[in-house]
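Presented below is the structure to which this report refers.
The values are calculated or read from the model by the stated rules, or taken from the named source; none is laboratory data. Please read these numbers as outputs of a predicted model, since none were measured by experiment. Positions of Cβ are generated from backbone atoms using ideal geometry, with glycine treated the same way; all protein chains shown enter the neighbour counts. Ligands, DNA and RNA are stripped out before the accessible areas are found, and what is left, the full protein with its side chains, is counted by its heavy atoms. Shrake-Rupley method; radii C 1.70, N 1.55, O 1.52, S 1.80 Å.
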Amino acid sequence: MAHVVATAAQGAVTSRGLPLLLMVASGFAALGCQVVWTQQSALWLGHESAAVLAVVAAFFGGLSLGAATLGARIERSARPALWYGACEAAVGAWALVLVMAMPWAGSWLAQRIGAEPGPSWHWSIAFLGTFMMLLPATAAMGGTLPAMERVLANFRSRGSPIAFLYAGNTLGAVIGVLAATFWLVPRFGLAATACACAAACLLCALGSLGLPAAPTMRPRAAHGVPRRTGAALAATGFLGIGYEVIVVRVMSQVAENTVYTYAILLAIYLVGTALGAAAYHRWGARVAADVMRDRLLAALAVACLLGIAALAFAPHAKAALLRASGPSIGWALTGEALLSAAAFAVPTMLMGALFSHLATAARGAGVDLGRALALNTPGAAAAPLAFGLLVMGGAGARWAITAVAAGYLLLLTRAAWRSPRAWIAAASVAAAGALGPSLALVDLPEGGRVLRTLEGPLATVSVVEDATGVARLHINNRQQEGSSATLLADARQGLLPILLHPAPTRALFLGLGTGLTAYSAAQDPALAVDAVELLPEVIEASRVFTADFARSPRVIAGDARRFVRATPTRYDVIVSDNFHPARSGSAS
């Protein structure tokens, strides 16, 4: 009897404990690697929107390709534990390769982009190059969850095994983001952090030896993914990451915009999805499938609208917290966490539950998890480009979030529209888009007015005039880049470096701001002046300050550091305009 009890207990640990532990460790390693790869890619490819969004797109694109190509093989295999171990070993091995190869590969890609690339060439090289550089690891990551689900599905357990594993994997991702950002990278550096994440992957590969080696084969379904489920999987991946991109972008107008800020935002996003998946694992099976999907979709649409309100009042909430606590980095990060939770908590919990529900529904129809992930992740890969560049740059943040909410409502079944609640939600979405508060957050001094507001992929740039007629240029509502009252001082900053050279003929200014510094230097007819500015919106806004200058410098939109590395032009004088130390990477 004791032997039977011991065997049963050991089986319970094997069926639940070890897979959960491995998926937590796998999530830790994956997101830790993503933190390192994001910083390394920005270091070599520049800080333009193309480079910033390329890693996110490459990460999800690789997951999609891996799930699509490996999922069917894993489903047919009699040894999914072996597949899991092989995928983890591949991730760890390639992470080690990138420690040595990414600086060289990134430098080579930067040279291929060139000093002044056209938009299509720039985006193509940044996205395709980053995708191919990370592909061996990200594709292998795409096979880990389907393989572990295939192992766990052989054991009877309460709730959805997909939701159970997804929650554990996401919890590990939270730990990976926070540990890499707040401890590993500052304490040990990027290379050591990458090696630690690679070691975690290799330990997961070894741990897979303790998983059952020969589970029962499951017959494959003769039909494909149900059309409604497939469409919902594809669309919700697109809309969920789109919402993340928008919120992170709007929060940049309130937050300190350090690497810690992004880590907090990402961690809260992941915590929400993990909690949602865990809740679905426990309670989701109690509601009919179509009813559950419609409830989650309608709730997500409403939650996105509440996100608009949370973001619109974020500056007032942060100001109240700082008045109560006083200025300190600890309280600043606490405030950012609270604001992030207000915008992310409810929507992401619903997203985690919705993905778990859709993947479980697909599994119930005989569709393996790999195919479900292959449908969900391409939309997630496309979202950074679609929302970060096209929608945000064209329609603005308020309409972008409204579009996300409307997208969720369009996925409702016909039966859902028979209820007044669906029509009330649709009317609320339309009203939020037309009448909701602007998410281009601009603080006005008493008696002041806004001269220009430009929303771009990386920042909102505004020109604000006070009651005395002095105009100031602000980035993300916080950072002042100069004013019309400082013409003489800014002109001196441009002229003094030029005067230090005995006979300059060509000068380069890194950073434009109001343009007063570079434009002042350009008034010398014997001097050719180039200026490089990261944000195109700053170039457009600077015309408010430089309209009266007779001569203009040649202004180039791009990352100044990448430009200096790639340009063949030689300059007599290079002037680095004053940068704000809180802007990650600017001083580099």
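Computed values, structure above
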item: Criterion (assigned to a helix (DSSP H, G or I) and without any contact (Cβ under 8 Å) to a residue 40 or more places away in the chain) met by exactly one of Ala81, Ala86, Ala101, Ala95; result: Ala101
item: Glu540 within 27 Å of the chain's Cα centre (by Cα), surrounded by fewer than 17 Cβ atoms within 10 Å (Cβ to Cβ) and within 26 Å of Ser462 (Cα to Cα); result: yes
item: Index of the failed condition, Phe238 passing every other in (1) closer than 21 Å to Leu375 by Cβ; (2) under 17 Å from the mean Cα position of the chain (by Cα); (3) open to solvent by less than 50 Å² (accessible area, probe 1.4 Å); result: (3)
item: Long-range neighbours under 8 Å by Cβ, at least six apart or interchain, first residue touching a residue at least 24 places away in the same chain (Cβ under 8 Å) within the range 321-334, second in a helix (DSSP H, G or I); result: Ala332/Leu322; Leu333/Tyr260; Leu333/Thr261; Leu333/Ile264
item: Of residues in the range 464-474 being free of Cβ contacts under 8 Å to residues at least 60 places away in the same chain and within 33 Å of the chain's Cα centre (by Cα), the one least open to solvent (accessible area, probe 1.4 Å); result: Val464
item: Residues (open to solvent by less than 20 Å² (accessible area, probe 1.4 Å), out of contact with any Lys or Arg (no Cβ under 9 Å at 6 or more places or on another chain) and not β-branched (Val, Ile, Thr)) located in the range 253-265; result: Ala263, Leu265
item: Restricting the range 41-74 to residues that are over 22 Å from the mean Cα position of the chain (by Cα) and open to solvent by 10 Å² or more (accessible area, probe 1.4 Å), the residue that is nearest to Glu244 (Cα to Cα); result: Ala68
item: Residues satisfying the stated conditions in the range 475-493, i.e. within 26 Å of Pro315 (Cα to Cα), open to solvent by less than 40 Å² (accessible area, probe 1.4 Å) and not β-branched (Val, Ile, Thr); result: Asn476, Asn477, Gln479, Gly482, Ser483
item: Exclusive hit being buried (at least 23 other Cβ atoms within 10 Å of the Cβ) and within 25 Å of the chain's Cα centre (by Cα), set Val529, Val461; result: Val461
item: Single condition Ser438 does not satisfy, out of (1) open to solvent by 60 Å² or more (accessible area, probe 1.4 Å); (2) free of Cβ contacts under 8 Å to residues at least 60 places away in the same chain; (3) over 30 Å from Tyr571 (Cα atoms); (4) in contact with a strand residue (DSSP E or B) (Cβ under 9 Å, 6 or more places away or on another chain); result: (2)
item: Residues within the range 186-216 that are assigned to a helix (DSSP H, G or I) and either touching a Gly at 6+ places or on another chain (Cβ under 9 Å) or closer than 19 Å to Ala90 by Cα (or both), tallied; result: 20
item: Residues satisfying the stated conditions in the range 362-399, i.e. over 17 Å from Trp123 (Cβ atoms), open to solvent by 30 Å² or more (accessible area, probe 1.4 Å) and assigned to a helix (DSSP H, G or I); result: Arg363, Gly364, Arg371, Leu375, Pro378, Arg398, Trp399
